[in-house]
Amino acid sequence: MPPRILIVGAGLYGATCARELHDAGCRVHVIEQRAAPGGNCATRHVPEADCHEHVHGAHIFHTDNERVWRWVQRFARFNGYTHRVKVRHGAQLYSFPINLFTLHQVFGVATPAEAQAVLARERVPIAEPANLEEQALASVGPTLYRLFIEGYTRKQWQRDPRELPADILKRIPVRLDFDDGYFNDRFQGIPVGGYSAMFDRLLAGVRVDFGVDFLRDREHWLARHDHVIYTGPIDAFFDHGHGRLGYRSLRFERELLPLDDYQGSAVVNHTDAAVPCTRIIEHRHFERPEPGRRRTAGHTLITREFPLDGGPGREPYYPVATADNLARLARYQAMAASLVPQVHFGGRLGSYRYLDMHQVIAAALAHVQRVLDTPRHAAVASGIEP
């Protein structure tokens, strides 16, 4: 008999595994706690604004992985949207990521050579930055740090930047030309008709049950399946026995406005600490009307995002990769290893990593290949995402 595989969660990782394993002849059953598939990628159509709402924040598909791009296009036609962001600080609007036009707006420079010279003067010589603030000062200097990084960081993480590790910031991209595209990837866009329609096609023909809480009857599900792909929080699987892993969450305020256009851009980041939200999304700008079709809604939908601490009852969005959380994660991963080969922990929550959508798909496809490469009646090879 084909192996019985349970997939816990109908988000992108679970749905990708379900599609591939179902097509390979496995007996696949997906259970999802929410009432619909898609996880945090879910969208819904808002007829008053004639657009699709990104319910859990903006999701732009982008990748340089040609295999992943070809794979995802089996389930959606992408609209060619190119992500461009603006930053508002005080009364001023800036081009972002930092590019030659941004540097012209801030410093008055007009050429790459002038930009390089002003950046060289601005940078603070710190050989080994000890925290996020020092990393920013060494990379771009105090002016750009205060305009684009300091206030946003305080709101996003609810901590002083000097209390955060330098590697959170990593390298700050600074372009010495006028390229204002947010991503460097060759392929990007948003599914025509929204992400939820893409998930309906991903899961077509697969048994999916909604409103099911796996953790309430965990032993029942484990006893009835040869392999379980678990995409929920790894600490919840083990009843938070070593304490809760830290997350940042988000609160969304949506508003339907009687306007054709509110801000002229899909995303405007608000980097001023005095403004409580981190960004405002205007959903209509993610859409590309079909040729010959004009938008006639007369309303626009915006969403303001407010970061807050995660915890019981709050959706976990961003892992807080502090030393204590990583030590706690290692203990959970050791427990997860004892469940190999039956249980595999994958996806953003199962691996406690912030992942872009193309990374989620690539990881899911890799795990499916490991399962399919295993002799039918033997154990699967891996339990935890590397």
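Per-structure values
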quantity	calculated
Rounded percent of accessible protein surface that carbon and sulfur make up, the chain, 1.4 Å probe	50
Potential lengthening between Leu257 and His104 on full extension [0.36 nm per residue; Cα-Cα distance subtracted]	51.7 nm
Other-chain or far-sequence residues with amide H under 5 Å of Val267's (modelled H)	Lys86, Glu282
FRET E, pair Ala24, Asn79, Förster distance 25 Å, beta-carbon r, rounded to 0.05	0.25
Per residue accessible area in Å² of the chain, where ligands, DNA and RNA are left out and the probe is 1.4 Å	46
Full-stretch length increase - Asp373, Asp167 - with 0.36 nm per residue and alpha-carbon distance subtracted	70.5 nm
Computed lengthening from Glu219 to Thr322, 0.36 nm per intervening residue step minus Cα-Cα distance	33.9 nm
Descending semi-axes in Å of the chain, equivalent ellipsoid built from Cα gyration tensor	38, 26, 19
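The values are calculated or read from the model by the stated rules, or taken from the named source; none is laboratory data. Everything quoted here is computed from the prediction, not taken from an experiment. We place every Cβ from the backbone using ideal geometry, glycine too, and count neighbours over all the protein chains shown. Heads up: the accessible areas ignore ligands, DNA and RNA and are worked out on the full protein's heavy atoms, side chains in. Shrake-Rupley method; radii C 1.70, N 1.55, O 1.52, S 1.80 Å.
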